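The values are calculated or read from the model by the stated rules, or taken from the named source; none is laboratory data. Keep in mind that this is a model prediction, so the values were computed, not measured. With ideal geometry, Cβ positions are generated from the backbone for all residues, glycine too; neighbour counts draw on all protein chains shown.
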Amino acid sequence: MNNFGIGELDVAVIGAGQAGLSAAYHLRHAGLEPDRDFVVLDHAPRPGGAWQFRWPSLTYGKVHGMHSLPGMELTGADDSRPSSEVIGAYFEAYERRFGLRVHRPVEVSTVREGESGRLIVETSEGTYATRALINATGTWDRPFWPRYPGQETFRGRQLHTANYPGPEEFAGLRVVVVGGGASGTQHLMEISEVATETYWVTRRPPVFREGPFGEEQGRAAVAMVEERVRRGLPPQSVVSVTGLPLNDAVRHAREQGVLDRLPMFERITPDGVVWPDGHAVEADVILWATGFRAAVDHLAPLRLREPGGGIRVEDTRAVRDPRVHLVGYGPSASTIGANRAGRAAVRSVTRLLAGVRA
């Protein structure tokens, strides 16, 4: 701390999900010490990143593509346990093993320009002045809610997939699920087993992907997302460009008519939704499975956004400010991508620090 109560550091890491812990691990291996050279700040109440908030019915056996953090495998997990418990316990053990000393719960309100080339990170536990920033805040805190005429008049319940409680609460109800992504289809298939009626509504016809999804297909999908980020456009999820995997559960749901998709409705009424041709259905619940946006509002004072609305990123570095790295953003939003991004960010940051100290 200096005389003004500001902690001076080399690196601040915001977020302790997959990308943030990967970055912290690589910072330690680069010779930086937690709480002396770098700090990891996380707003969540406990370890687990966004996984700790996943719905109870998402067991570990249903999780697709969970990659272990660098340096420590996740082994022997019980597939029947909720993924929030399995991955939360794994992240907690990982933080202990590598002595990452995450500060939580800590809210970061803003990041702004400081003196002597440092960035000022204002938080609920105090203020930090850092030479470099690794932002790993992900998307979970920014669920996207579309707006439609009449939405405020709906007498039923509206909720976002971020607050999905599991299928039990929808027993005997009429439910409209909005969204064509993986979460929407998973929720819909669960809810259809207990609800009186379900309706699936998407803006575009869903694309189902048959056959294997190997390394080559994965690279091509990531490249499409990466190109948007390189152009300064808001990132899309990798799933949005790969399509939905056509597994046995999805095939069965299609055969049962659960995944008979309807086009987007025009407006919402007190009792349900209405399409442009006048067709209407009554509903008790509208579940918005409409995705998330990057949680980067705290970076607004740095003016990193491009005219297209996104932050232009090369590798992990913000083009408008090379001190700022975004990991778990756009093409690195998958668990394996987050691991790689954490390593890449630290390589770049250590080069920057070497230049500052030279």
What's the number of the only condition in (1) without any contact (Cβ under 8 Å) to a residue 24 or more places away in the chain; (2) in contact with a helix residue (DSSP H, G or I) (Cβ under 9 Å, 6 or more places away or on another chain) that THR75 fails to meet?
(2)
Residue tally, condition over 21 Å from ARG317 (Cα atoms), aromatic (Phe, Trp, Tyr) and in contact with a helix residue (DSSP H, G or I) (Cβ under 6 Å, 6 or more places away or on another chain), over segment 14-55:
1
I'd like to know if segment 319-333 contains one or more residues that are in contact with a His (Cβ under 7 Å, 6 or more places away or on another chain) and outside any loop (DSSP other than H, G, I, E, B).
no
Considering only segment 44-59, I want to know if a residue exists there that is of a type in the set (Val, Ile, Thr) and either surrounded by fewer than 17 Cβ atoms within 10 Å (Cβ to Cβ) or assigned to a loop (DSSP other than H, G, I, E, B) (or both).
no
Selection count where residues are of a type in the set (Val, Ile, Thr), out of contact with any Phe, Trp or Tyr (no Cβ under 9 Å at 6 or more places or on another chain) and not assigned by TED's automatic domain parsing to the domain that holds ILE134, scope segment 275-320:
0
Hey, does segment 81-94 have a residue that's surrounded by fewer than 13 Cβ atoms within 10 Å (Cβ to Cβ) and outside any helix (DSSP H, G or I)?
no
Filter segment 305-318 down to residues that are among the aliphatic types (A, V, I, L, M) and either touching a residue at least 40 places away in the same chain (Cβ under 8 Å) or in a loop (DSSP other than H, G, I, E, B) (or both), then give me how many there are.
2
Kindly evaluate LEU21 against the criterion of being modelled with pLDDT of 95 or more, surrounded by fewer than 24 Cβ atoms within 10 Å (Cβ to Cβ) and closer than 20 Å to HIS298 by Cβ.
no
Given segment 144-249, what helices (runs of 4 or more DSSP H) lie entirely inside it while holding 2 or more residues that are out of contact with any helix residue (DSSP H, G or I) (no Cβ under 8 Å at 6 or more places or on another chain) and at pLDDT below 70?
215-230
Which residues, taken from segment 277-304, are assigned to a strand (DSSP E or B) and at pLDDT 95 or above?
ALA280, VAL281, GLU282, VAL285, ILE286, LEU287, TRP288
Cβ-Cβ below 7 Å, separation at least six or inter-chain, first residue in segment 277-288 and of a type in the set (Val, Ile, Thr), second part of a strand (DSSP E or B) and surrounded by fewer than 19 Cβ atoms within 10 Å (Cβ to Cβ): which pairs?
VAL285/ARG157; ILE286/GLN158
Which members of segment 97-145 meet the condition of being closer than 22 Å to PRO234 by Cα and among the basic types (Lys, Arg)?
ARG112, ARG142
Test result for GLU73, outside the structural domain of ALA249 (by TED's automatic domain parsing), of a type in the set (D, E, K, R) and outside any loop (DSSP other than H, G, I, E, B)
no
